[in-house]
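These notes concern the structure reproduced below.
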């Protein structure tokens, strides 16, 4: 049996239990999200080091776990140098968050140095660490036991052959075509030289007669061809040994010349031999021009008679003098030189022809600009497509990507400014001028108001002194990829390369100006606007500019 008062009692107990549980839940929630007062502590593992040894600098931050904490980065520990920034170690305990950040510091000059206080941003509050005094001692060198060594040589970076194979696709076929052409040309020259090898006139005449015997002119009744070859053989022999116009003379002119040589006593010709030669020439003229065939067996007899006439003429000719032999030798050498010159001319013309064909094919396939850059080279294109360097310059550092590393430039200061103003400058430019970049950092005394507009105007004035004629000058706000804000001054103009030769190029410039406390940082980039690769390089450098980052947690 159930009593009403027991039910009422149970209901009251349940309500009491729920209230107590709700109270504890609210208490726990409020205790977890109670505001934690942020604290910052810093410590170092040693106050005395030797040159180059490392000091471990540790910062411990306790704050609310919802708070944003920003630690210092970059060379904020100057005069000590930060050599490493370790990752943040984070632990949580209820509403409190503990962050431990370590830095590796060092110094390479002996002396007493003070590590400045570091500012830690926690939410909208800024807390500072303690400063520390550090002693840096010289390293004692024992020059008696320790030997001295030469400076190690510079290490050469390996050559980049990643794009070389593309060039081979064009070079190898062209070289192969040139090699095949030269091989064919030399082989043809050798064959012609063998064919044109000098044979004395007498042996050449006998060889021609033997070749005539091998023909079928008589069998096929080709008497015109037979007698033409027969008379040409003896005419050619006389042309070289007796009368230098024998080949172009008529029969009567040649016979008259032979008789004159006999009468003058220069050549001991036999009268019967001259008459026999005259009869053969007359018969040959009848065969060639009147188409009268000789009697049977007469062609063979004339051939034997011509051979005998050649032999008798050789015996009748006087022995050649030394002058004649030298003249003949000079003639053969002149012919050889002429043949060699012709070979060189043909070879050069052929090679140039192959290169021209390859050039035309390259222009048709790749375009004029591609071929021109391949043949003549393009400095700015090689820079744009080469390996770039991303580096930091100055303190706080300016990060920028450039085709070549920037070099430090010495800036002379007036005596009254020394010790008050510090100017660091880094720069690089192409030769001949196509693109240039310069980073200037000016540190003014603490508390000095930074005249940013005056500094911009001053830099543009310096640019004009270097030969730049500004046509347009504009300004606008600029923000880097990592969020740093500055002023962008830009415009177009003309760069006077050589005033005497009137060499002027159309150019553009961009100057990025940033300010931080007492420091002015300016990045100046100029380029030739008519060169697409210079424009590409400039845009890439501008887009890569970043200022020293801070690490957020």
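Annotations for the structure displayed:
Listed here are the residues, each with its yes/no results for (1) in contact (Cβ under 8 Å) with a residue 40 or more places away in the chain; (2) buried (at least 16 other Cβ atoms within 10 Å of the Cβ); (3) within 29 Å of the chain's Cα centre (by Cα); (4) not in a helix (DSSP H, G or I).
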{"residue": "513", "(1), (2), (3), (4)": "yes, yes, no, yes"}
{"residue": "522", "(1), (2), (3), (4)": "yes, yes, no, yes"}
{"residue": "527", "(1), (2), (3), (4)": "yes, yes, yes, yes"}
{"residue": "530", "(1), (2), (3), (4)": "no, no, yes, yes"}
{"residue": "533", "(1), (2), (3), (4)": "yes, yes, yes, no"}
{"residue": "537", "(1), (2), (3), (4)": "yes, yes, yes, no"}
{"residue": "542", "(1), (2), (3), (4)": "no, yes, yes, no"}
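- Some residue of region 412-429 being modelled with pLDDT of 85 or more and loosely packed, with under 13 Cβ neighbours inside 10 Å: no
- Qualifying positions in region 309-334 - modelled with pLDDT of 75 or more and exposed (fewer than 12 other Cβ atoms within 10 Å of the Cβ): 315, 333, 334
- Just one of the numbered conditions (1) modelled with pLDDT under 85; (2) more than 26 Å from residue 126 (Cβ to Cβ) is not true of residue 50: (1).
- Of the strands (runs of 3 or more DSSP E) lying entirely inside region 65-132, those containing at least 3 residues that are surrounded by 14 or more Cβ atoms within 10 Å (Cβ to Cβ) and in contact (Cβ under 8 Å) with a residue 40 or more places away in the chain span 69-71, 96-106, 119-122.
One line per residue, one yes/no per condition, for (1) part of a helix (DSSP H, G or I); (2) touching a helix residue (DSSP H, G or I) at 6+ places or on another chain (Cβ under 8 Å):
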residue	(1), (2)
216	no, no
229	yes, yes
233	yes, yes
256	yes, no
261	yes, no
269	no, yes
278	yes, yes
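- Any hit, region 292-301, residues being part of a helix (DSSP H, G or I) and within 16 Å of residue 256 (Cβ to Cβ): no
- Residue 240 vs. criteria within 30 Å of residue 294 (Cβ to Cβ), loosely packed, with under 10 Cβ neighbours inside 10 Å and either modelled with pLDDT under 85 or touching a strand residue (DSSP E or B) at 6+ places or on another chain (Cβ under 7 Å) (or both): no
- Here residue 224 passes the criteria (1) touching a helix residue (DSSP H, G or I) at 6+ places or on another chain (Cβ under 7 Å); (2) surrounded by fewer than 17 Cβ atoms within 10 Å (Cβ to Cβ); (3) closer than 29 Å to residue 335 by Cα except the one numbered (3).
- Single residue of region 352-369 satisfying the filter (within 20 Å of the chain's Cα centre (by Cα) and in a helix (DSSP H, G or I)) that is nearest to residue 539 (Cα to Cα): 369
- Evaluating residue 193 against the criteria (1) free of Cβ contacts under 8 Å to residues at least 40 places away in the same chain; (2) surrounded by fewer than 16 Cβ atoms within 10 Å (Cβ to Cβ) leaves one unmet condition, (1).
The values are calculated or read from the model by the stated rules, or taken from the named source; none is laboratory data. Since the model is a prediction, treat every value here as computed from it, not as a measurement. Neighbour counts run over all protein chains shown; Cβ positions are idealised from the backbone, glycine included.
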